[in-house]
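Just below is one structure, and these are the notes that go with it.
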Amino acid sequence: MSPVLHRLGFPSVGDHRRFVTAIAVDAVGSGVFMPVCMLYFLVTTDLSLVQVGAAISLASAVALPAGPLLGGIVDRYGAKHVLLAGNALQALGYVAYLVTDSFVALTLWTVVVTVGRTAFWGSYGNIVAAISVPGEREKWFGFLGALRNVGFALGGLLSGLAITIGTTTAYSAVVVANAASYVLAFVLLLAVPPTPRSEHRSPEGAWGVVLRDRPYRLLWATQLAFSTSMMALNFAMPVYATTVLGLPGWVTGAVFTINTVMVGFGQGLVVRAMTGAVRWRVLVLTNTVFGASFLIMLGASRLSIALATVVVLVGAVVYTAGEVLGGPVHGALSAEAAPEHLRGRYLSLIQLAWNLAGTISPVAFAWLLDRGTAPIWLGLTAVAAVGGLLAARLGTTLPQAARRVTNRAEEPVAA
């Protein structure tokens, strides 16, 4: 293992360098395009902001059922094939963006991109579970999450250059770079070992087994609360800081920088510090920290510009602490609590929780922000409180949640 990775608390990459490199390349490409997503279509087409936003929202809604459907495909054919298909679809969609100039075309190709992204995330957890071992999964999910965060940051710097130049050619170069990243990631992912498939090509009543699993349904609800809180960084904090509080534009950039640096370089250290902690208690602490960060944000509304700036930045630090606590544990729990032969279906439900949060949060947060400073942060505090209660309940119903974080490979049980 690299001495640097070891000091940061990350796992030994070993034979999985191609997979790790593919995740990093994918993240940089996504980081290049995400900040200019709306701007690209405004610059390169005659569509209005409302039309672009409507097309993206409509595509997200249309693609929402894809997650559960893909879960069955993962179980039947293996996660690797779905992961590769996800990258191929996204590469195709971004190439098509280069010649997209109508509302219908934008909606169609955004559906393709969204389904591809859903395929990626619907198979990602299965791959991570396959290349890691029980006891080290918090390390792996934390490491890959941190890696993607750093990749997003690097990509964001490149997108900033395109925005500064501001020409159609510059924006098109961003799309080309993103499409190329998916092609390169596809090639690297060819070397990923295949994951186990279901013993039966179409397990009878498989979805019935999944949906009747009450402990996992509780885990899903806990994940939904966590995912909703995670949406605050993108959809609540920027608008609150700039529009509601009237803070300088650099504050929003600083919030994202704080988040990126803390996750990128602190995630492994936090996972290492969790050693010996009970998982459900970590999740309760996660929601407590989230709640505290939301109340800190609310407190900024009663202060001067200078003091509010300091408070918002402190709130961002506290908020990110919640993210680095909960992310790896949720990832490990979701994978380990699912039976291996149905893991694709189980993890597709977790992806559905993320997709639901991502679909509902922008509208809900905008509606709350339009009603003043208190509703958004008190609402999110309530979400965190519910998440904490669900996490506490999880400790008594899901055996994996009652286990401790060991950060060491578990010895196989003798037959």
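Residue by residue, what Karplus-based ³J(HN,Hα) values in Hz, rounded to whole numbers, does the stretch 73-80 have, using 6.51, -1.76 and 1.60 with θ = phi - 60° and x for Gly and Pro?
Working through the residues one at a time gives 5, 4, 5, 7, 10, x, 5, 4 Hz.
Treat every Asp and Glu Cβ in the chain as -1 and every Lys and Arg Cβ as +1, leave all other atoms uncharged, and give the resulting dipole magnitude about the Cα centre to the nearest 20 debye.
Dipole of the chain, to the nearest 20 debye: 780 debye.
Considering only L42, T168, V111, whose Cα is most displaced toward the positive end of the charge dipole of the stretch 1-194, charges sitting on Cβ of Lys, Arg (+1) and Asp, Glu (-1)?
Farthest along the dipole direction, towards plus: V111.
How many angstrom separate the Cα center of the stretch 270-303 from the Cα center of the stretch 224-267?
Taking the Cα centre of the stretch 224-267 as reference, the centre of the stretch 270-303 is 15 Å away.
Suppose a student asked you for the relative contact order of the chain, using Cα pairs under 8 Å spaced at least 6 residues apart; what percent would you report?
Over the chain, the number comes to 27 percent.
I'd like the Karplus ³J(HN,Hα) series for the stretch 183-190: coefficients 6.51, -1.76, 1.60, θ = phi - 60°, whole numbers in Hz, and an x wherever there's a Gly or Pro.
5, 5, 4, 4, 4, 5, 6, 4
By counting other Cβ atoms within 10 Å of each Cβ, how are K139, K80 ranked from fewest to most?
K80, K139
Can you work out ³J(HN,Hα) from phi for every residue in the stretch 37-52, in order, using Karplus 6.51 cos²θ - 1.76 cosθ + 1.60 and θ = phi - 60°, giving whole Hz and x for Gly and Pro?
Values, residue by residue: 3, 5, 4, 4, 6, 5, 7, 9, 10, 9, 6, 7, 4, 5, 5, 5 Hz.
Determine the relative contact order of the stretch 199-345: mean sequence separation of Cα pairs under 8 Å and six or more apart, normalised by residue count, in whole percent.
31 percent
What percent does the relative contact order of the stretch 1-194 come to when contacts are Cα pairs within less than 8 Å and at least six residues apart?
Normalised by residue count, the contact order of the stretch 1-194 is 42 percent.
Of the peptides 216-224, 64-72, 344-352, how do they stack up when ordered by the mean number of other Cβ atoms within 10 Å, highest first?
Working: 216-224: 21.6, 64-72: 20.0, 344-352: 26.2.
Going from most to least packed, we get 344-352, 216-224, 64-72.
Dividing the convex hull volume of the Cα atoms of the stretch 67-112 by its residue count, what figure in Å³ per residue is obtained?
56 Å³
How much mean residue ellipticity at 222 nm does the chain get from its helices, if each DSSP H run of length 4 or more adds -39500 (n - 2.57) and you divide by all residues, to the nearest 500 deg cm²/dmol?
My calculation for the chain gives -25500 deg cm²/dmol from helical runs alone.
Can you sort V284, V74, V43, V310 so the residue with the fewest Cβ neighbours within 10 Å comes first?
Fewest-to-most Cβ neighbours within 10 Å comes out as V310, V43, V284, V74.
Along Cα→Cβ, 7 Å out, is where each label goes; now give me the distance between the ones at T242 and L42 in nm to one decimal.
Using points 7 Å along Cα→Cβ, the separation is 0.9 nm.
Compute the separation of the alpha-carbon centres of the stretch 65-85 and the stretch 129-183 and state it in Å as a whole number.
22 Å
Projecting each Cα onto the charge dipole of the chain (Lys/Arg +1, Asp/Glu -1 at the beta carbon, about the Cα centre), which of M274, M231, A366 comes out farthest on the positive side?
Result: M274.
Read-outs: derived from the displayed coordinates by stated rules, not from any lab. In this text, all values refer to a predicted model and were calculated from it rather than measured experimentally. Using ideal geometry, Cβ is built from the backbone for each residue, glycine included, and neighbour counts are taken over all protein chains shown.
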